[in-house]
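Chemist: Okay, here's the structure, questions in a sec.
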Amino acid sequence: MTQLTPIAGDARSVSNQLTVAVAADAYATLRAVQAVDPFGPAIRAMRALGLAERIALTPNGMSWQPEGAGGRIDVRVDVRVSGQAEDGSTLTVVIRFRATDERLLEAWPVVGPLAATLSKRAARTVKHHAENDDYEDGETTAEVARAA
């Protein structure tokens, strides 16, 4: 389920949440989460478009300064895994956007679908790797989820 909602009390913030069931235990799902780079495809696409100099990576996301804008959009990604059963867990991907200027949220018609696509792609990749146990403890992100 994808849900796009303004964050209560803040007209400059919007979040996108996606929750999926995973047919693997929470440990396997967490291992798969660690192998996925949810911003990798977006960063590569922005580099290909010559926009990489406007992006700064942050500990849980990135900060983007659109051309001609006096502010920036901060993007934060939070991933939660829950579940106690051996054969199932739940994966939730939350992407939060916070603009320093309300005018920057005018980009939401473009940014919103991108956020939904990134969430779906990251969740699908995590789900696939967790359910298939496609990696071993020592494998690197590049070996497992190059195109997350």
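Chemist: Evaluate 2.2 N^0.38 Å with N set to the residue count of segment 10-141, then give the Cα radius of gyration divided by it. Display every interim value, and only then the final one.
Modeler: Working: Rg = 16.1 Å, N = 132, 2.2 N^0.38 = 14.1 Å.
For segment 10-141, the normalised Cα radius of gyration is 1.14.
Chemist: Related question: For segment 40-99, what is the accessible area per residue in Å², given a 1.4 Å probe and the full set of protein chains?
Modeler: Numbers: 3440 Å² over 60 residues.
Counting only protein heavy atoms, the per-residue value for segment 40-99 is 57 Å².
Chemist: Over segment 18-76, with every protein chain in place, what whole percent of the accessible area is carbon and sulfur at 1.4 Å, could you tell me? Don't skip to the end; give the middle numbers.
Modeler: Details: 1800 of 3200 Å².
That fraction is 56 percent.
The values are calculated or read from the model by the stated rules, or taken from the named source; none is laboratory data. Please read all numbers here as calculations on a predicted model, not as lab measurements. With ligands, DNA and RNA removed, areas are computed over all heavy atoms of the protein, side chains included. Shrake-Rupley method; radii C 1.70, N 1.55, O 1.52, S 1.80 Å.
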